[in-house]
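First up is the structure itself, then whatever we jot down about it.
The values are calculated or read from the model by the stated rules, or taken from the named source; none is laboratory data. Computed from a predicted model, the values in this text were never measured in an experiment. We place every Cβ from the backbone using ideal geometry, glycine too, and count neighbours over all the protein chains shown. SASA here: full protein model, heavy atoms, side chains in, ligands and nucleic acids out. Shrake-Rupley method; radii C 1.70, N 1.55, O 1.52, S 1.80 Å.
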Amino acid sequence: MTPMFGEDGWCRVCGVPLRKQAGSMVLERRNITVEGGWVPYLFGDTICLESSLALAAAEKFNLDLRPIAWHGVSPGDALQIVIPVVGDAWFDHGELRAKAIGKHGSAGARCAECGTWRWLPLGFAPMPPPFGTLPPLRVRPSLGAVDVAASPEVFGDGLMAFRQMLFRRELAEFIAAASPRDFEARTVR
Ligand SMILES: [Zn+2]
């Protein structure tokens, strides 16, 4: 987290970034083949793309791309899609609370250190159980013309913190076509 957000740019208790990303994500090269796209371990709300794929994506879509750095020798050039938080709310929080309590027995918790409320983990409805437990989207205000967005709501538990992601269908299909074993484009409502 420190290379991406700075020494004091993230909460040490809940793992939530406290400011915009300013540096490169640093990945362990172990077990990584730089090919197509992938979701990096421990950073569940971003996507990495092999560089030629990323540059092809950037020609078609409005993306904030940042080069990935590696511990040790680089296994290949790759870029991270930095996904902006868009909107004030993506869900009705009463519905979210009911779903989280239904699944976990608790809605979530506020971090005593940074004050961030984290909902206990839930996933979009088209996903197979146990992931498909989020209530329907009620995005306020509308997402507008963005190609990719992260939810204002933060989810997670322990040191895990993540936001939901939405991709414009054409971008989702572009990534899924390049990495069909890892991604599938699904419509959410
Ligand atoms: Zn915190």
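What the table below lists for this structure:
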item	result
At R0 = 35 Å, FRET efficiency that the Cβ-Cβ distance of Ala177 and Asn31 yields, to 0.05	0.90
Ala185 versus Thr2: modelled label distance in nm, points set 7 Å from Cα along the beta carbon direction	4.1
Rounded FRET efficiency, nearest 0.05, which uses the C-beta distance separating Met160 from Leu65 and R0 of 22 Å	0.35
Note, ³J(HN,Hα) from phi for segment 147-160, Karplus 6.51, -1.76, 1.60, rounded to Hz, x at Gly and Pro	8, 8, 8, 10, 6, x, 6, 9, 10, x, 7, x, 8, 8
Karplus (6.51, -1.76, 1.60) ³J(HN,Hα), θ = phi - 60°, over segment 9-25, in Hz, Gly and Pro reported as x	x, 8, 7, 6, 8, 10, x, 7, x, 9, 8, 5, 5, 10, x, 6, 5
Test item: Cα-centred dipole of segment 56-184, Lys/Arg +1 and Asp/Glu -1 on Cβ, debye	360
In segment 95-186, the GluC sites (Glu not before Pro) that fall in loop regions by DSSP, at most 14 other Cβ within 10 Å	Glu113, Glu184
The chain, accessible surface, carbon-and-sulfur percent (1.4 angstrom probe)	53
Probe 1.4 Å, all protein chains present, accessible-area order of Ile101, Ile175, largest first	Ile101, Ile175
Förster radius 30 Å - calculated FRET efficiency between Val13 and Ala98, Cβ distance, rounded to 0.05	0.65
Dipole of the chain, positive direction: furthest Cα of Val188, Leu171, Ile32, with charges on the beta-carbon	Val188
Difference of contour (0.36 nm per residue) and Cα-Cα distance, Ser74 to Asp88	1.2 nm
Extension gain from Val146 to Ala109, taking 0.36 nm per residue of separation minus the Cα-Cα distance	10.3 nm
Solvent exposure of the chain as accessible area per residue, Å², 1.4 Å probe	55
Charge dipole of segment 2-82 about the Cα centre (unit charges at C-beta), most positive-ward option of Ala69, Ala56, Val13	Val13
